Structure formats: structure tokens, C-alpha cells
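Q: After the C-alpha cells below, expect a handful of questions from me.
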Amino acid sequence: QVHLVESGGESVQTGGSLRLSCVDSGDLHSSACVGWFRQAPGKEREGVASIYLHLGSTGANYLDILKGRFTISRDNAKRTTYLQMNNLETEDSARYYCAVLRSGSCGQIEPGDFHFWGQGTQVTVTS
């Protein structure tokens, strides 16, 4: 089994930045993918970004509407996947989750494709 722990969520003012971390443990396939998702009250879960363990930044995918504000990265030695969030807006407020797709394509960052999930970390952006 794969275990995931997220951290870094805080309350921050609009325009601020946060970096979320996701530490994983357990066996991961060489072609595994780690994704970041978010879910706000009353809304469905949506994919934010994903990254392949063996490809790094060259294998990253993003939600189009983020317009370059978010960056996903991976440190395989630390088994940690980061989500750097810049110029935060109130609509970015949500609970953020990381998840693992053991193998296959995660280019669409579909929640149903991912097998293991963390408990999430809360991000609140205030004006």
C-alpha cells in the first residue's frame, strides 16, 4: 500500500504564496504519477497538477485555468511532491489532496484514475 501525507496548508491573503508538500511511502511503480487535487465546499473535486516520478518537470501537467501560477515538482530522494502556488486568489481556497496513480497516463488529472489518497490540507485565501 502507498501512504500519503500532505502539509503546508494555511490561511493566506490574496496575492500571497504557499508551497504544499506530499510525502509518500510504500512501493511505487517506475511509471507512477503523483497528482494534486482540490475540492471547495459545494464543488466537485478537480485536478490541479500531476507529475511522473521518472520524468520530473518534463512530465508535468496542469489545469489550464491556472495560467502558470502553480508549479508542481518532485524530489525522488525525499519522496516528496511539491505544489508551489503563487498569486493566490480567493477562488483557490479549497482542501488540497495529493494522490498516486500506480501506472498509466495522468495527463488529464482525473480523480477516478488515482488509487491512493492523502487526507488533505486546507488552504484558505482571504481578501
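The values are calculated or read from the model by the stated rules, or taken from the named source; none is laboratory data. Remember, predicted model here, so these are calculated numbers, not experimental data. So basically every Cβ, Gly included, is an ideal-geometry build from the backbone, and we count neighbours across all protein chains shown. For accessibility, only protein heavy atoms count, side chains too; no ligands or nucleic acids. Shrake-Rupley method; radii C 1.70, N 1.55, O 1.52, S 1.80 Å.
Q: Looking only at strands (runs of 3 or more DSSP E) that lie completely in segment 69-127, which have at least 3 residues being under 18 Å from GLN13 (Cβ atoms), open to solvent by 40 Å² or more (accessible area, probe 1.4 Å) and at pLDDT 95 or above?
A: 121-126
Q: Which members of segment 1-18 meet the condition of being assigned to a strand (DSSP E or B) and among the hydrophobic types (A, V, I, L, M, F, W, C)?
A: LEU4, VAL5, VAL12, LEU18
Q: Take the residues of segment 19-34 that are in a loop (DSSP other than H, G, I, E, B) and not charged (D, E, K, R): which is least open to solvent (accessible area, probe 1.4 Å)?
A: ALA32
Q: For segment 92-127, how many residues meet the condition of being hydrophobic (A, V, I, L, M, F, W, C), at positive phi and touching a Phe, Trp or Tyr at 6+ places or on another chain (Cβ under 7 Å)?
A: 0
Q: On to the next question. Take ARG45 and decide whether it is at pLDDT 95 or above, closer than 18 Å to SER21 by Cα and open to solvent by 20 Å² or more (accessible area, probe 1.4 Å).
A: no
Q: Considering only residues that are open to solvent by 10 Å² or more (accessible area, probe 1.4 Å) and not hydrophobic (A, V, I, L, M, F, W, C), look in segment 48-58 and name the one that is farthest from THR90 (Cα to Cα).
A: HIS54
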